[in-house]
């Protein structure tokens, strides 16, 4: 428990081979660790990933500060390189928070030090997906 009360945990989650049940377990694990969460999904179809955040305090967005920061030239340039020419596109990627996600994932297993299910199942999925790609390439 090293995160301060004002700290924010953030993690990048590649989704290209993550089954729905494992993602829900991951989100339940996040919510068990943090009372306040938010999830954001990449709207770029070339890049299937999500960002999840967790905190001890409610997360609030100051829209005026957001606009001020997002309109700085270096920030705009960086976002344009990622295909976000319109910074407001970022809001389209919002999936939900503890109120909307929490109830939907609460019954899924939590990943813990003595139940490392994600470390076990995700690599097996990758192998399964690669085998499917191989079968697709063999005519």
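Where a number appears in this text, it was derived from the coordinates with a stated rule and is not lab data. Predicted model only: the values in this text are computed from it and were never measured. Counting neighbours? That spans all protein chains shown, and the Cβs are built from the backbone with ideal geometry, glycine included.
Take the conditions (1) out of contact with any helix residue (DSSP H, G or I) (no Cβ under 6 Å at 6 or more places or on another chain); (2) surrounded by 11 or more Cβ atoms within 10 Å (Cβ to Cβ); residue 77 misses just one of them, which is (2).
Here 55, 38 are screened, and the one residue that is more than 12 Å from the chain's Cα centre (by Cα), under 26 Å from residue 116 (Cα atoms) and buried (at least 16 other Cβ atoms within 10 Å of the Cβ) is 55. Any residue at all in segment 19-28 that is more than 25 Å from residue 2 (Cα to Cα), without any contact (Cβ under 8 Å) to a residue 60 or more places away in the chain and part of a helix (DSSP H, G or I)? For segment 19-28, residues more than 25 Å from residue 2 (Cα to Cα), without any contact (Cβ under 8 Å) to a residue 60 or more places away in the chain and part of a helix (DSSP H, G or I): present. With respect to the conditions (1) touching a strand residue (DSSP E or B) at 6+ places or on another chain (Cβ under 7 Å); (2) without any contact (Cβ under 8 Å) to a residue 12 or more places away in the chain, residue 11 lacks only one, and its number is (2). Scan segment 79-101 for residues that are under 19 Å from the mean Cα position of the chain (by Cα) and outside any helix (DSSP H, G or I) and jot them down. Selection gives 82, 83, 84, 94, 95, 96, 97.
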